[in-house]
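Please read the structure below before turning to the comments.
The values are calculated or read from the model by the stated rules, or taken from the named source; none is laboratory data. Quick caveat, the model's predicted, so the values are computed rather than measured. For neighbour counting, all protein chains shown are included, and Cβ atoms are generated from backbone atoms with ideal geometry for every residue, glycine included.
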Amino acid sequence: MNELLLGIDIGTASSKAVLVQPDGQVVALASRDHAVSMPRPGWVEHDAETIWWSDVVSLCRELLAPVADGRISGVCFSGIGPCVVPCDTRDTPLRPAILYGVDTRASAEVDELTELLGADQILRRCGSSLSSQALGPKLAWLRNNEPAVWTATERWHMASSFVVARLTGEWILDHHSASQCDPLYDLVQCGWNYDWAELVAPGLSLPPLAWPGEVVGRVRSASAEATGIPAGTPVVAGTIDSWAEAVSAGVRKPGELMLQYGSTVFLVLGTDRLAPHPTFWTTRGVDPGSLTIAAGLATGGSLASWVREIVGRPSYETLLAEAALVHPGAEGLLILPYFAGERTPILDPHARGTITGLSLRHDRAHIFRAALEGVAFAIRHNLETMLADDTPELAVAVGGGTTNDLWLQIVSDVTGLTQTVPAVTVGASYGDALLAAEGVGLTPALSSWAQPAEVTSPNSENDEVYYHLYSLYRDLYPATREIQHALSDLELPSSTLAMRPPPSGRGDVARSAGDERTSEEAASVT
């Protein structure tokens, strides 16, 4: 009987599952699209019951029904994060889950907690400054704004821990996810900051911690009946999707960089130095004792999708072909990609997008190319701040956007990076399967199934134009910041909105321009 590993990733716009043999060979794939809810400006939510759990049940049923000559030896889940869904003692959600840094509702709590605890102290103990990405302010927002929900809350979950609890009954959070619960986790001590937790979320219990590749429980009979996963199957803790994606790409060591192209763009860099930077997220990694530095844009493929919508929904192939004919620099057009605020390195939820330099001669091809270049400039801004004078030993590009050769080439030209794309681009669920294999002993620790398939190298002929345009890009935000903030203040509450997922694409992101794979999101993504 063949051994099989099951990995499932719950993303922003879809969930993806994969069955894999211990040698990394993919046996079967399945995916489910879903939507986020945006009931108010700055709010981004998922229903944990009808999206997270329903997707898992449906995906398991599809993948496991045909399995006759293999047994499921281990299971691992990843998901968007840091996010939070408050639950009762039976792990029943009390409200929709509040998602990661794209949900900016807790801006006031970020400011209040920073003032209360001290910015320097938070950075020293937690590794990251408080921002919309941090979980602690989201909990404080719940306490301040939904007291009935807060009073009823006995447990709280991220996407991966919610599914683990449903399957096993165990309330466990992995160390990496916990290290994004700022200011509740002590990065140096690898444990909860109980004193600060009592200030931020008084009376709220904190779950036991495990490393993402550790077995934390076994599938219960009732959950086996619901999903088709055999009762008693070992379940590994799992983690946040971008870090599982890094595992899938073979990015696990200091000096190795993952660029995740999806609806947002996310960067994860392995490091061996505990030197927190105020504009990035220094976290525990997937493997015991490891450290990572992460950065995240608020847009990416979502900006390309927005441009496509406003120019009449031509095919991505058409837009890419047109944009490829436009000279680098989009003939004097420059875009700040802050259409959903911005995460690193400016940490400004009130930033807004700009299209600068428009003239009557510009058309949709110029705008589309300028959007891709604007995202590339934002990536360079992050890398320059994150790396200083260092160069990554390895830069691996993953996510739906890697099918967009023009975007990859623009990023390499703007940043100077040589990027490799793995041969297997299933995504975070593939990393989950590898963590499951390691957790149950079928694969050695710190393994990699990744094999490079494509390489994109920078074109030095474009150095001069991009050097000049990047300088203008860096000047544009400080020159327009006050205007952006004033316009942000004029935004009006809207009725409930839904971000429709694409027909198919990366599990954790909206489909990026030119992505025809049905295997993110990449995005942020985180």
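Within region 42-61, the residues that satisfy the criterion of being under 15 Å from Thr92 (Cβ atoms) and either charged (D, E, K, R) or surrounded by fewer than 18 Cβ atoms within 10 Å (Cβ to Cβ) (or both) are Asp47, Glu49, Thr50, Ser54. Picking from residues in region 149-166 that are among the aromatic types (Phe, Trp, Tyr) and assigned to a helix (DSSP H, G or I), the one that is farthest from the chain's Cα centre (by Cα) is Trp150.
Matching residues to (1) farther than 28 Å from Val188 by Cβ; (2) modelled with pLDDT under 95; (3) over 22 Å from the mean Cα position of the chain (by Cα):
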site: Gly42; (1), (2), (3): yes, yes, no
site: Ala48; (1), (2), (3): yes, no, no
site: Arg71; (1), (2), (3): yes, yes, yes
site: Gly74; (1), (2), (3): yes, no, yes
site: Tyr100; (1), (2), (3): no, yes, no
site: Ser107; (1), (2), (3): no, yes, no
site: Leu113; (1), (2), (3): no, no, yes
site: Leu116; (1), (2), (3): no, no, yes
site: Ala119; (1), (2), (3): no, no, yes
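Of all the listed residues (Thr420, Thr403, Thr385), the sole one being among the hydroxyl-bearing types (Ser, Thr, Tyr) and modelled with pLDDT of 95 or more is Thr420. List pairs: first residue in region 168-190 and within 22 Å of Cys76 (Cα to Cα), second residue aromatic (Phe, Trp, Tyr) anywhere in the structure, Cβ distance under 7 angstrom, at least six positions apart or on different chains. Close Cβ pairs satisfying both conditions: Asp174/Trp211; His175/Trp211; His176/Trp243; Ala178/Tyr185; Ser179/Tyr185; Gln180/Trp281. Looking across region 272-289, the residues that are at pLDDT 95 or above and out of contact with any Ser or Thr (no Cβ under 9 Å at 6 or more places or on another chain) come down to Asp287, Pro288. Number of residues in region 107-148 that are out of contact with any strand residue (DSSP E or B) (no Cβ under 7 Å at 6 or more places or on another chain) and assigned to a helix (DSSP H, G or I): the value is 26. Looking across Cys83, Cys76, one residue alone is crowded, with 20+ Cβ neighbours inside 10 Å and under 21 Å from Ser223 (Cα atoms). It is Cys76. Determine whether Trp141 is of a type in the set (Phe, Trp, Tyr), more than 23 Å from the chain's Cα centre (by Cα) and at negative phi. Judged against the criteria, Trp141 is not a match. Only one of the numbered conditions (1) among the acidic types (Asp, Glu); (2) at pLDDT below 95; (3) buried (at least 19 other Cβ atoms within 10 Å of the Cβ) is not met by Glu3, and that is (3). The one condition from (1) of a type in the set (S, T, N, Q); (2) modelled with pLDDT of 95 or more; (3) within 18 Å of the chain's Cα centre (by Cα) that Ser221 does not meet is (3).
Assess whether Asp463 counts as being modelled with pLDDT of 95 or more, in a helix (DSSP H, G or I) and under 30 Å from Asn2 (Cβ atoms). When the stated conditions are applied, Asp463 does not pass them. Filter region 458-487 for residues that are surrounded by 13 or more Cβ atoms within 10 Å (Cβ to Cβ) and among the hydroxyl-bearing types (Ser, Thr, Tyr); which is farthest from Thr425 (Cα to Cα)? Filtering region 458-487 for residues that are surrounded by 13 or more Cβ atoms within 10 Å (Cβ to Cβ) and among the hydroxyl-bearing types (Ser, Thr, Tyr), the one farthest from Thr425 (Cα to Cα) comes out as Thr480. Just so you know, in region 314-350 the residues that are assigned to a loop (DSSP other than H, G, I, E, B) and closer than 13 Å to Leu303 by Cβ include one that is modelled with the lowest pLDDT, and it is Ala340. Screening Leu476 on (1) part of a loop (DSSP other than H, G, I, E, B); (2) touching a strand residue (DSSP E or B) at 6+ places or on another chain (Cβ under 7 Å); (3) at pLDDT 95 or above shows it passes everything except condition (1).
Name the residues in region 197-244 that are in contact with a Gly (Cβ under 6 Å, 6 or more places away or on another chain), among the small types (Gly, Ala, Ser) and outside any loop (DSSP other than H, G, I, E, B), would you? Matches in region 197-244: Ala244 only.
Here is a yes/no grid of residues against (1) closer than 26 Å to Gln121 by Cβ; (2) crowded, with 23+ Cβ neighbours inside 10 Å:
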position: Tyr194; (1), (2): yes, no
position: Trp211; (1), (2): no, no
position: Gly217; (1), (2): no, no
position: Thr239; (1), (2): no, yes
position: Ala249; (1), (2): no, yes
position: Leu259; (1), (2): no, yes
position: Thr271; (1), (2): yes, no
